[in-house]
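Right, one structure below, let's go through it.
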Amino acid sequence: MRYRVPHERIASLKEFTIRWIQRRLQYADFWALEGVSFTLPRGEVLGIIGPNGAGKSTLLKVVARVLQPTRGRIRTRGSVAPLLELGPGFHPELTGRENVFLNSAMLGRPRSETQRLYEEIVDFAGLWDFIDAPLRTYSSGMVARLGFAVATCTVADILIIDEVLSVGDTQFREKCFDRIRSFQSHGASILLVSHNMTTIQNMCSQVIWLSQGRVRGFGPAEEVIQQYRDSAEVPAPS
Ligand SMILES: Nc1ncnc2c1ncn2[C@@H]1O[C@H](COP(=O)(O)OP(=O)(O)O)[C@@H](O)[C@H]1O
Ligand SMILES: [Mg+2]
């Protein structure tokens with residue numbers, strides 16, 4: 001996956017268009033992922049670890065098809081429920097309720113189905129008291145609760161989780177883990193990014209260690225976590 005980062009700030013669409021026509025747009029190419037390849041079997045949880053900027057979120061976005069890879073391809077079988085870094089699928093000015101419907105629609109659910117699942121979603125998120133307030137008044141933990149509840153109220157074949165568990169409180173995290181395990185017992189495959197090595201160790205069978213867009217380690221969780229800890233990349237055990 002290559003990102004193109006503009007060399008200079010372009011202030012307006014007009015200026016952008018003029019430069020584009022004149023072919024005066026300058027970019028720096030940046031390979032956020034290079035030569036990454038893996039297979040995730042049904043019913044397995046794959047952990048992805050690595051320092052900030054390693055390419056973890058980029059990898060999840062590529063699998064979720066939010067980004068199209070510059071080269072190579074992704075093959076997925078079945079439905080994908082992505083829980084990415086907050087942003088896509090949420091609107092700060094809409095209420096929690098409206099965001100449930102927006103988010104659910106983006107996962108491909110018809111409105112009638114979301115209607116049917118609505119109570120269960122808000123119950124799981126534990127947000128009845130805030131559900132009619134605009135999302136911008138929510139804490140990041142509350143947004144994460146809502147996102148997790150929407151994404152996991154039906155079982156998908158592939159669940160993608162980017163760090164969202166780290167902002168929730170302990171009690172909610174436990175609920176999330178239970179849900180992830182029940183997904184797994186239904187044969188779903190899970191991709192999990194976390195900086196919490198205990199979480200990774202408990203949940204994942206296999207782990208990919210990414211560093212500067214490349215795979216530095218891939219194998220059984222315990223082994224790869226140990227390699228990662230032994231490297232200079234991880235400051236202190238968490
Ligand atoms: N939209 C983008 N445009 C340009 N560069 C990006 C973009 N998104 C991420 N990057 C860069 O790609 C690298 C990997 O980012 P990311 O996948 O978010 O890392 P991680 O999730 O492991 O912290 C970082 O160096 C980041 O600056
Ligand atoms: Mg990230």
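Between ALA28 and SER231, the simple spin-label model (points 7 angstrom out along Cα→Cβ) gives 2.2 nm.
Rounded to whole numbers, the Karplus 3J(HN,Hα) couplings from phi for segment 172-180 are 5, 4, 4, 4, 5, 4, 4, 5, 4 Hz, using 6.51 cos²θ - 1.76 cosθ + 1.60 with θ = phi - 60°, and x at Gly and Pro. Dividing the summed -39500 (n - 2.57) terms of all DSSP H runs of n ≥ 4 by the residue count of the chain sets its mean residue ellipticity at 222 nm at -11500 deg cm²/dmol. Note on TRP20 and MET106: with the Förster distance fixed at 22 Å, the Cβ-Cβ geometry gives a FRET efficiency of about 0.15.
Would you mind calculating the gained length between ARG214 and ARG2 on full extension (0.36 nm times residue separation, minus the Cα-Cα distance), in nm to one decimal? Kindly include the intermediate steps, with their values, before the conclusion.
Working: separation 212, 0.36 × 212 = 76.32 nm, distance 1.27 nm.
My answer for the length gained is 75.1 nm.
Compactness of the chain was expressed as the Cα radius of gyration divided by 2.2 N^0.38 Å, which yields 1.10. Principal axis analysis of the Cα atoms in segment 118-238 yields extents of 47, 32, 25 Å, listed in decreasing size. The alpha carbon gyration tensor of segment 14-135 gives principal lengths a ≥ b ≥ c with a/c of 1.5 or higher and a/b no greater than b/c, which makes the shape oblate.
For LYS175, the aspartates and glutamates whose Cα comes closer than 20 Å to its Cα, not counting residues fewer than 8 places off in the same chain, are GLU44, GLU85, GLU119, GLU120, ASP123, ASP129, ASP157, ASP162, GLU163.
Any idea what the dipole of the chain comes to, in debye rounded to 20, about its Cα centre with Lys/Arg Cβ at +1 and Asp/Glu Cβ at -1?
Working: 28 positive and 24 negative charges, 244 e Å.
Using Cβ point charges on Lys, Arg, Asp and Glu, the chain gives about 1180 debye.
Label-to-label distance, ASP178 versus ARG116, with points set 7 angstrom from Cα along the beta-carbon direction: 2.4 nm.
On the beta carbon distance between GLU222 and THR154, with R0 = 30 Å, the FRET formula returns roughly 0.40. Couplings 3J(HN,Hα) of segment 36-48, computed from phi: 8, 8, 7, 10, 10, x, 4, x, 10, 10, 9, x, 10 Hz, in residue order, whole Hz [Karplus 6.51 cos²θ - 1.76 cosθ + 1.60, θ = phi - 60°; x for Gly and Pro]. Between ARG77 and GLN201, full extension at 0.36 nm per residue minus the direct alpha carbon distance yields a gain of 42.1 nm.
No lab work stands behind these numbers, since they all come straight from the coordinates. Since we're looking at a predicted model, the values are computed, not measured. Ideal geometry is used to build each Cβ from the backbone, glycine not excepted, and the neighbour counts take in all protein chains shown.
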